[in-house]
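The values are calculated or read from the model by the stated rules, or taken from the named source; none is laboratory data. Computed from a predicted structure; not experimentally measured. Cβ placement follows ideal geometry from the backbone for every residue including glycine, while neighbour counts extend to all protein chains displayed.
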Ligand SMILES: Cc1cc2nc3c(=O)[nH]c(=O)nc-3n(C[C@H](O)[C@H](O)[C@H](O)COP(=O)(O)OP(=O)(O)OC[C@H]3O[C@@H](n4cnc5c(N)ncnc54)[C@H](O)[C@@H]3O)c2cc1C
Ligand code: HEM
């Protein structure tokens, strides 16, 4: 590794508390020096909505585990073709990243730190660009897909069926990014909720997030017949269909989409013996929020190897109660009946804080780290070191919860 990760971590610790200002400065610098870049980005850019800058800084900080990041960065580079990001854009983005960190570092900034950031950014952009270059020219950067049906399945959740305009090869467990002409250039990731189908259609489960740019439009306004753009399939929380290991899947809210796709893949199993056992924990904020139960019942009725445990507290309980139920269920159900979660393939899907918390719990219940997988948790800035106590008081943020219905 050409740079010292400790230098970057120490440097970022100095500026992280000013994350909001850093993001503003980064985009102001980028667009002032490169006015031609503005049309590539969504109209609404803010610290809450920023995705690029948050991801960039988090990737730089995690570069020590470069091998693990290579696959992710490669997919990101290929996926960036949908943003129309070209090789000549990369140095400009790097320059604005470094300008922003330098600006807020004050006297602590040194040539050694600048060198470390520059080298780290160079490594990242090389991997992304190399991957983007390796995509055959004829491969689409995005697909057009027609919305063929839209069902409201819970107060804040719709299930959409899309028909892509060209074949859309994907693996069960992957996700795609989606953009509506109603919200130009706003792309958001959503899990594909089905295993590949003969008719090529895709199902997505979308929850309306309070004030969310894209999800509110998809849940409130979208009508069948409309066309959406979808990026290439991404994500490696897939499952070997021939795995002899039992599966434990934990889903919170619309995290069910990804798990359903994996269960459907197992149900389509055509081997001589039945597939290995699958246990699915399905957590919702409350009863009204447990959606797609008809499909759950149908899958359970048709497949003896499948067990689904629903975890939803009484209406009006807070989300902590849902998490407590899930923890209780996983603790009592596993060890008591099967001798712990050792030897299980484990897939976790749901709101950003679900996977890391459940993974920690399961590791204490016998699960093997190498068998646990989930999609990347969206980057956020670490707000645990506020500038002053009044900052802390004024600036607390809730952890997002896809199931959060009381704000809708
Ligand atoms: C790998 C992956 C797969 C995903 N799969 C699904 C899926 O299958 N179904 C689904 O509905 N969503 C899924 N999401 C979340 C989805 O990508 C969007 O983040 C979500 O729809 C909000 O987008 P928005 O444009 O409406 O909100 P934004 O405009 O981006 O955000 C508005 C505000 O809400 C906050 N916020 C963002 N996300 C959430 C959240 N989930 N809960 C509460 N507050 C939030 C933001 O911090 C911001 O303050 C997935 C995310 C990832 C990373
Ligand atoms: C090494 C460099 C880069 C990294 C690590 C990076 C990373 C990311 C990530 C993780 C996202 C969010 C992905 C998503 O929501 O689908 C993103 C969004 C985006 N990136 Fe990049 N990116 C890089 C360089 C670039 C460049 C050079 C451009 C071109 C100008 C670019 C343009 C965009 C755009 C337009 C978005 C959408 C922004 C938004 O929705 O707010 N990125 N980037």
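Here are some notes:
- Residue check, residue 130 under 24 Å from the mean Cα position of the chain (by Cα) and not in a helix (DSSP H, G or I): no
- When the criteria are applied in full, residue 70 meets the requirement of being more than 16 Å from ligand 1 (Cβ to nearest atom) and over 12 Å from residue 7 (Cβ atoms).
- Per-region count, segment 200-248, residues within 16 Å of ligand 2 (Cβ to nearest atom) and either in the same structural domain as residue 72 (by TED's automatic domain parsing) or assigned to a strand (DSSP E or B) (or both): 6
- Selection of segment 75-88 for residues being surrounded by fewer than 17 Cβ atoms within 10 Å (Cβ to Cβ) and touching a residue at least 40 places away in the same chain (Cβ under 8 Å) yields 84, 87.
- Of all residues making up segment 184-217, the number that are within 8 Å of ligand 1 (Cβ to nearest atom), out of contact with any helix residue (DSSP H, G or I) (no Cβ under 9 Å at 6 or more places or on another chain) and closer than 17 Å to residue 164 by Cα: 1
- Condition met for residue 350 (closer than 25 Å to residue 188 by Cα and modelled with pLDDT of 90 or more): yes
- Screening residue 103 with (1) crowded, with 16+ Cβ neighbours inside 10 Å; (2) within 12 Å of ligand 2 (Cβ to nearest atom) gives one miss only, at (2).
- Set side by side, the residues 122, 110, 118 differ, and just one is over 26 Å from the mean Cα position of the chain (by Cα), within 15 Å of ligand 2 (Cβ to nearest atom) and surrounded by fewer than 17 Cβ atoms within 10 Å (Cβ to Cβ), which is 118.
- Taking the listed residues 66, 55, 92, the one that is at pLDDT below 85, surrounded by fewer than 17 Cβ atoms within 10 Å (Cβ to Cβ) and part of a helix (DSSP H, G or I) is 66, with no other qualifying.
- Positions within segment 154-165 being assigned to a strand (DSSP E or B) and either modelled with pLDDT under 95 or within 22 Å of the chain's Cα centre (by Cα) (or both), in sequence order: 154, 157, 158, 159, 160, 161, 162, 164
- Number of residues in segment 10-52 that are within 11 Å of ligand 2 (Cβ to nearest atom) and either in a helix (DSSP H, G or I) or outside the structural domain of residue 84 (by TED's automatic domain parsing) (or both) equals 10.
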